[in-house]
Amino acid sequence: MSQAPIPGIDPQVQAQCDAFRHDYRAVQAEIAKAIVGHVDIIDGVLTCLFVGGHALLEGVPGLGKTALIRALADALSLKFNRIQFTPDLMPADVIGTKGITETPDGSRSALTFLPGPIFAQIVLADEINRATPKTQSALLEAMQEKQVTSFGEVRKLEQPFFVMATQNPLEQEGTYPLPEAQLDRFFYKLIVNYSNRDELREILDRTTTGRQTVIQPVLDGKRIMEHQELVKRVVIAPHVQEYAIRCVLATHPQGQFAIPMVNQFLRVGASPRAAQAITLGAKVRALLDGRFHVSFQDIKDVAIPAMRHRVILNFEGEAEGITTDMVLEKVIAETPVKVEEMTGGRR
């Protein structure tokens, strides 16, 4: 349903904002046919999609991570591939390799490039931490540059291109934690938690009674790319942007804006990509709320998923059982929205 006209906003722009909200909610509703609960996780994944980023989902087995991603793929008219990461997976199994192919009539053969599963628009990297760093790195160029270099030739990936990876935090034997450089390529890291009592009851009703769920594709690539451009055009005032910057700088140990908990428990702070992710994620929140400008609350709502995988605990933090979320919650609570409110002469 269209929103009432907003003073100062071009009617065409407002129509685009209404279309964004409609399409976002339509995809959200289709996913909800297959996934019970996990509203914040679905919102996080959709935010990544509508800003052109990538999502990393972490949680114990059986919580619906893969099912969520499959449901999203079914709701979009995009090419989908799944890669099951294992210790023996090689980079060529992801990117592709050259092989002998014959013409249809069998008259001659040639050495041609055979594309790997990375050549899709939605790629599920399932249990990504089970593959070796050599294979994990095969995704780096694709995620950052939206292209693949193989046998000296650069091949562009079809847009939009979206990687969703899952990992299990419990099993450490036979796994290879993602290096910081690769973690930084993910827009959000989303923690998938257990379902509650009502959600478990609904899951059983849906999956053990023969009920059939059909997810309809409601959005195509062209519309997604139009929405990605719209998100970038959302206004963020200088003082709101400054707040996002200070939230990121507050994670840098011994930095100008660092809080005591950061100095005590963090070894490495968030990168500039964190500030980019916070800003774009906040713009999506603003659009969904019917606004064309970012608020301080929008920044607070997206800061933790944007930074939890971009900060590193030191030995003391790990020894005391501190989590990055605990530190970031403190950062958000103690970073004032106005510079004038800062104490100790910090500016």
(request) May I ask you to list the residues in region 55-71 that are under 13 Å from the mean Cα position of the chain (by Cα) and farther than 20 Å from residue 309 by Cβ? (result) none
(message) Of all residues being modelled with pLDDT of 90 or more and assigned to a loop (DSSP other than H, G, I, E, B) in region 147-183, which is nearest to residue 228 (Cα to Cα)? Just the residue, please.
(response) 160
(request) May I ask you to say which residue of 77, 137, 109 is among the small types (Gly, Ala, Ser) and in contact (Cβ under 8 Å) with a residue 60 or more places away in the chain? (result) 77
(request) Just give me the residues in region 139-156 being under 18 Å from the mean Cα position of the chain (by Cα) and either closer than 16 Å to residue 93 by Cβ or open to solvent by 10 Å² or more (accessible area, probe 1.4 Å) (or both), in sequence order. (result) 139, 140, 141, 142, 144, 145, 146
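Taking strands (runs of 3 or more DSSP E) that fall entirely within region 48-131, which contain at least 1 residues that are surrounded by fewer than 18 Cβ atoms within 10 Å (Cβ to Cβ), touching a Leu at 6+ places or on another chain (Cβ under 9 Å) and of a type in the set (A, V, I, L, M)?
Of the strands (runs of 3 or more DSSP E) lying wholly inside region 48-131, those with at least 1 residues that are surrounded by fewer than 18 Cβ atoms within 10 Å (Cβ to Cβ), touching a Leu at 6+ places or on another chain (Cβ under 9 Å) and of a type in the set (A, V, I, L, M) span 96-102.
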(request) Considering only residues that are of a type in the set (Ser, Thr, Tyr) and without any contact (Cβ under 8 Å) to a residue 60 or more places away in the chain, look in region 198-243 and name the one that is nearest to residue 146 (Cα to Cα). (result) 207
(request) Answer yes if at least one residue in region 245-260 is in a helix (DSSP H, G or I) and small (Gly, Ala, Ser), and no otherwise. (result) no
(message) Contact list please: Cβ distance under 6 Å, first residue in region 13-39 and modelled with pLDDT under 90, second residue acidic (Asp, Glu), pairs at least six apart or on different chains.
(response) 36/199; 36/202; 37/199
(message) Residue under question is residue 302, and the condition is that it be β-branched (Val, Ile, Thr) and in contact with a Ser or Thr (Cβ under 8 Å, 6 or more places away or on another chain); does it hold?
(response) yes
(message) With the requirement that a residue be more than 14 Å from residue 282 (Cα to Cα) and modelled with pLDDT of 90 or more, what does region 53-62 give you?
(response) 54, 55, 56, 57, 58
(message) Being in contact with a Ser or Thr (Cβ under 6 Å, 6 or more places away or on another chain) and either at positive phi or surrounded by 14 or more Cβ atoms within 10 Å (Cβ to Cβ) (or both) is the requirement here; does residue 223 meet it?
(response) no
(message) Just to verify a result, which residue in region 288-314, among those that are over 14 Å from the mean Cα position of the chain (by Cα), surrounded by fewer than 24 Cβ atoms within 10 Å (Cβ to Cβ) and among the hydrophobic types (A, V, I, L, M, F, W, C), is farthest from residue 188 (Cα to Cα)?
(response) 292
(message) Just the residues that are assigned to a helix (DSSP H, G or I) and surrounded by 23 or more Cβ atoms within 10 Å (Cβ to Cβ), please, taken from region 264-273.
(response) 265
(message) Just checking, does region 200-212 include any residue being under 30 Å from residue 22 (Cα atoms), assigned to a loop (DSSP other than H, G, I, E, B) and open to solvent by 60 Å² or more (accessible area, probe 1.4 Å)?
(response) yes
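The values are calculated or read from the model by the stated rules, or taken from the named source; none is laboratory data. What you are looking at is a predicted structure, and each value in this text was computed from that prediction instead of being measured. Cβ atoms come from the backbone with ideal geometry, glycine included; neighbour counts cover every protein chain shown. Just the protein is used for accessible areas: all its heavy atoms, side chains included, with ligands, DNA and RNA removed. Shrake-Rupley method; radii C 1.70, N 1.55, O 1.52, S 1.80 Å.
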